[in-house]
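Note sheet for the following structure.
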Amino acid sequence: MSRLLRTSRLFRPAARPGTLAALAAAGALTLAACGTGSGAGGSGGAPDTLTEIDYYDAAPQNTQLPQILDECAARTGVKIKHQQVPRAQFMPKLLQQASARSLPDLALIDNPDLQQLAATGGLVSLSRAGLSTEGLYPSIVQAGQYQGQTYGIAPGVNGLALYYNTDLFTQAGLKPPTTWDELTADARKLTRGSRYGVAFSAVGTEEGTFQFEPFFWTAGASLKALDSPQAVQALTLWKDLVGSGSASKSVVTWTQADVNDQFMAGNAAMMVNGPWQLPTLNADKKLHFGVVPIPIPGPGAKPVTPLGGEVWTVGHSNAAREAKAVAVVKCLLGHDESATWSKDAGYIPSNQRAAAQLAASDPQLAAFVQEVGTAKARTTELGTDYPKVSQALADAIQAALAGGTSPEKALSQAQSAARN
Amino acid sequence: MSTTVQGRPAAVTAAAAAPGGRSRGPARARWAAVAFVAPAWLYVAGFYLYPLASSIRMGFQDYTVSSFYTGVAPYVGWDNYSKVLHDSHFGRTVLNTVVFTAGSLVFQFALGLALAVFFNRRFPLGGPLRSLLLVPWLLPLVVSGTAWRWILDTDSGVLNHALLQLHLIGHPVPWLASTHDALTAVTLVNIWVGIPFNMVILYGGLQSIPGELYEAAALDGAGGWQRFRHITLPLLRPVTAVVLTLGLIYTVKVFDVIMILTQGGPAGSSQTLTTFAYNLSFQQLEFGRGAAVGNLLIVVAVVFAVVYLRATREQRQAGR
């Protein structure tokens, strides 16, 4: 059971069901708005205890993060009250706290959500507080900025690549694919019995969009025009993989954690997934796999993957608390701390030099490090409009894969929905 | 909501109770009544009326993420409602909600009634079996929903496996992975969840039908079907009304079953108004529109709640 319920840190299925009745949700949030502060953060009081919130609820990250936090807290001379919230409840929780004006001192938030939260005015500008983003990947720096100010800095980043089962590839006498044609051909050859050639997540949330974006962007499409010929080309690739039976019809219900389970169980010869799965995959000694960059449409194209990962933010309280919180963030972003964290959690250090060192020492991460260099932050094109367009794109993917709608029609519907 | 208004009916009851009791000053009795009623009213006001009013207000505002921090949300009139009504998903969603609700109600009731009639006869192990049928009701929906996700899985699900073995289907049915089957699948699961409720209430209703009626009918030569048609159904009518109205209100607002199984997908094919509201508020962060859909749902629920209250009142009056 835990397998299916457990999902990646990066994303969770759209909702932790049963806890939030949509009917009451809007009202409940407002109720919180005028309630007293929820006790997290807030103003006043000696800054000897800081509050922190994140959504890392899966091993190994859920134990590593508190550890590194405590280390940095001890060095700064404060205590940290640590809190984990499931991914689906994370934004509602933060919004509640924002409305009670008691945002936590430290929050580790998903990078595409940063601009939305920064727009509330509840976050401390880290650039004004004197934190530097020098040496970090420009794309993650950009994802942490809103209106020219840096509000979030990432200790590590991630992306997507193609995992392949080396045993199956050797048996079939194949080499890992580098182009879309090779991907399609290999997937067809490796599909046998109950095993599919390739697995990916096309679930109807941001998670599905995130998995599609490497193909979408690599084809040359833009989120500003969902119905471009390049976008149609990318969606056609996915539709053909499912249509020909090389990928399961169930991809529309799989989260990235489900995809990982399918790959580990030998039900898929290849999968699209991120580096955060490496600790789990490596724990299975019988599984032999390799990682290559996402295949490209034709020779000469460069893979453009979406940049994943979380950024540290500091919530407004009072000057003394904010200073302490900034000091903790500075420690968390330190060279050794972020390197340790990245290594254990399956992340790429956001510092370019540290990333290059890691790639040299760890071949599993080489593909990811190579891609992060050209990766794109999801909010670059659209800013705070991203969630809406992402949802429209996820709907289009599902309509094409599960509903028999043509990619052209699905994407043109998505474009008009996104503009609405 | 001033206390004086509520004080009046309360005082009436107090006064009605007074004859035969010790003589007390009317003012004191009234204050005592208010003191007893006040906590309930405060609770209702704080936890029902206030959120309801906020939700209605939110439906008329352009409520964004920053509104949560600044508290500023411009008034936009009926804009949210008109956008929701013109949303390309809206028609489909309403249709889904109707199909889901009607399908669930009809089958839950029919199967619940059949089981209730079945268990109304005495036979060995009837009691334990009946208790076992309550399990779907007792399990947390997260648990049963997850189990159903496995059962309905296209490739490794036990349902497809069984159907294939029985040669009822030629190739696996993508229950949760196809826009054609997803709504059927979530409705099936919801029917399964709802059967115990229907069975328990209808069983209780059956127990209250006097056995002599059946004996007399049997003596008059009425067959099994005739007894069911002319005794069971008419005498069960009051209970039926309660079961169906409550079932309707519960089903319209079902959220967790759909969220666990399909999240409203694929491509909105199993989206109902509840998941639509959730999606608008927490995926697209369009809180005003989410609230608008929520309010529409409240209107639907209130309409049926009024119908229900009317029906029960008439029943009570008829019973007197």
So, A:A345, is that one of a type in the set (G, A, S) and within 17 Å of the chain's Cα centre (by Cα) or not? yes
Give the residue that is nearest to the chain's Cα centre (by Cα), with candidates limited to residues of region A:407-417 that are more than 7 Å from chain B (Cβ to nearest Cβ) and within 18 Å of B:G264 (Cβ to Cβ). A:A414
If the requirement is being closer than 30 Å to A:P104 by Cα, of a type in the set (S, T, Y), touching a strand residue (DSSP E or B) at 6+ places or on another chain (Cβ under 9 Å) and open to solvent by 40 Å² or more (accessible area, probe 1.4 Å), which of these qualifies: A:S139, A:S127? A:S127
Yes or no: region A:181-188 includes at least one residue that is touching a residue at least 60 places away in the same chain (Cβ under 8 Å) and small (G, A, S). yes
Mind checking whether some residue in region A:154-167 is over 28 Å from A:A375 (Cβ atoms) and open to solvent by 20 Å² or more (accessible area, probe 1.4 Å)? yes
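Conditions tested, residue by residue: (1) surrounded by fewer than 16 Cβ atoms within 10 Å (Cβ to Cβ); (2) among the hydroxyl-bearing types (S, T, Y); (3) farther than 27 Å from A:K175 by Cα.
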| position | (1), (2), (3) |
| --- | --- |
| A:H288 | yes, no, no |
| A:V326 | no, no, yes |
| A:L332 | no, no, yes |
| A:A360 | yes, no, no |
| A:Q364 | no, no, no |
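Which members of region B:157-187 meet the condition of being more than 13 Å from chain A (Cβ to nearest Cβ) and surrounded by fewer than 18 Cβ atoms within 10 Å (Cβ to Cβ)? Break it down into steps so the answer makes sense when it comes.
Residues of region B:157-187 that are more than 13 Å from chain A (Cβ to nearest Cβ), as a first pass: B:158-159, B:162-163, B:165-170, B:184, B:187.
Passing the criteria: B:V158, B:A162, B:L163, B:Q165, B:L166, B:H167, B:L168, B:I169, B:G170, B:T184.
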Give the number of residues within region B:279-289 that are within 18 Å of A:E206 (Cα to Cα) and either β-branched (V, I, T) or open to solvent by less than 10 Å² (accessible area, probe 1.4 Å) (or both). 3
Select from region B:188-202 the residues that are modelled with pLDDT under 95, of a type in the set (A, V, I, L, M) and surrounded by fewer than 21 Cβ atoms within 10 Å (Cβ to Cβ) and list them in ascending order. B:V200, B:I201
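Tally time: how many residues in region B:82-95 are more than 14 Å from every other protein chain (Cβ to nearest Cβ) and either of a type in the set (F, W, Y) or more than 16 Å from B:N295 (Cα to Cα) (or both)? Full working, then the answer.
Initial filter on region B:82-95 (more than 14 Å from every other protein chain (Cβ to nearest Cβ)): B:94-95.
Subsequent filtering for residues that are either of a type in the set (F, W, Y) or more than 16 Å from B:N295 (Cα to Cα) (or both) retains B:95.
Matching residues across region B:82-95 total 1.
Checking the conditions here, which among A:F210, A:F200, A:F215 is in contact (Cβ under 8 Å) with a residue 60 or more places away in the chain and over 11 Å from A:I294 (Cβ atoms)?
Being in contact (Cβ under 8 Å) with a residue 60 or more places away in the chain and over 11 Å from A:I294 (Cβ atoms) holds for just one of A:F210, A:F200, A:F215, which is A:F210.
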In region A:267-280, how many residues are open to solvent by less than 10 Å² (accessible area, probe 1.4 Å) and either modelled with pLDDT of 95 or more or not in a helix (DSSP H, G or I) (or both)? 7
Filter region A:262-271 for residues that are of a type outside the set (F, W, Y) and more than 19 Å from B:W175 (Cβ to Cβ) and give the result. A:M264, A:A265, A:G266, A:A268, A:A269, A:M270, A:M271
A:Q370 passes all but one of (1) under 14 Å from A:V157 (Cβ atoms); (2) open to solvent by less than 50 Å² (accessible area, probe 1.4 Å); which number fails? (2)
Could you pull out the residue among A:A247, A:A283, A:A327 that is at pLDDT 90 or above and either of a type in the set (D, E) or in contact with a strand residue (DSSP E or B) (Cβ under 7 Å, 6 or more places away or on another chain) (or both)? A:A247
Kindly provide the set of residues from region B:177-202 that are of a type in the set (S, T, Y) and not in a loop (DSSP other than H, G, I, E, B), ordered by number. B:T184, B:T187
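How about region A:382-406: which of its residues are away from chain B (no Cβ under 11 Å) and open to solvent by 10 Å² or more (accessible area, probe 1.4 Å)?
If we filter region A:382-406 for residues that are away from chain B (no Cβ under 11 Å), which is where we start, we get A:382-383, A:393, A:406.
Of everything in region A:382-406, those that are away from chain B (no Cβ under 11 Å) and open to solvent by 10 Å² or more (accessible area, probe 1.4 Å) turn out to be A:L382, A:G383, A:S406.
Quick check: is even one residue across region A:365-381 more than 18 Å from the chain's Cα centre (by Cα) and away from every other protein chain (no Cβ under 14 Å)?
Filtering region A:365-381 for residues more than 18 Å from the chain's Cα centre (by Cα) gives A:366.
Remaining after also requiring away from every other protein chain (no Cβ under 14 Å): A:366.
Yes, there is a match, as at least one residue in region A:365-381 is more than 18 Å from the chain's Cα centre (by Cα) and away from every other protein chain (no Cβ under 14 Å).
For the condition in contact (Cβ under 8 Å) with a residue 60 or more places away in the chain, open to solvent by less than 20 Å² (accessible area, probe 1.4 Å) and more than 15 Å from B:A182 (Cα to Cα), what is the one hit in B:V257, B:V243? Talk me through it step by step, then tell me what you get.
Values: B:V257 fails: more than 15 Å from B:A182 (Cα to Cα).
Criteria check complete, one pass: B:V243.
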Of everything in region B:114-156, what is under 23 Å from the mean Cα position of the chain (by Cα) and open to solvent by 70 Å² or more (accessible area, probe 1.4 Å)? Give them in sequence order. B:R130, B:L132, B:W137, B:L138, B:P140
Return the only residue of A:T166, A:T209 being more than 30 Å from A:T384 (Cα to Cα) and either under 16 Å from the mean Cα position of the chain (by Cα) or β-branched (V, I, T) (or both). A:T166
Run A:R75 past the list (1) out of contact with any Cys (no Cβ under 6 Å at 6 or more places or on another chain); (2) more than 11 Å from every other protein chain (Cβ to nearest Cβ); (3) in contact (Cβ under 8 Å) with a residue 40 or more places away in the chain and report the number of the one that doesn't hold. (1)
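Looking only at region A:228-266, filter to residues that are outside any helix (DSSP H, G or I) and more than 14 Å from chain B (Cβ to nearest Cβ); which one of those is farthest from A:P387 (Cα to Cα)? Walk me through how you get there before you give the answer.
The initial filter retains those residues of region A:228-266 that are outside any helix (DSSP H, G or I), namely A:228, A:244-248, A:254-255, A:265-266.
Imposing the further condition that a residue be more than 14 Å from chain B (Cβ to nearest Cβ) reduces the set to A:228, A:244.
Numbers: A:S228: 20, A:S244: 31 Å.
Here the answer is A:S244.
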Residues within region B:146-156 that are in contact with a helix residue (DSSP H, G or I) (Cβ under 6 Å, 6 or more places away or on another chain) and either among the small types (G, A, S) or more than 8 Å from every other protein chain (Cβ to nearest Cβ) (or both), tallied: 3
When you scan region B:203-212, do you find a residue that is β-branched (V, I, T), part of a helix (DSSP H, G or I) and either open to solvent by 50 Å² or more (accessible area, probe 1.4 Å) or touching a helix residue (DSSP H, G or I) at 6+ places or on another chain (Cβ under 9 Å) (or both), even just one? no
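The values are calculated or read from the model by the stated rules, or taken from the named source; none is laboratory data. Values in this document were obtained by computation on a predicted structure and should not be read as measured data. Every residue, glycine as well, gets a Cβ built from its backbone with ideal geometry; the counts of neighbours run over all protein chains shown. Areas reflect the complete protein model, heavy atoms only, side chains present, ligands, DNA and RNA absent. Shrake-Rupley method; radii C 1.70, N 1.55, O 1.52, S 1.80 Å.
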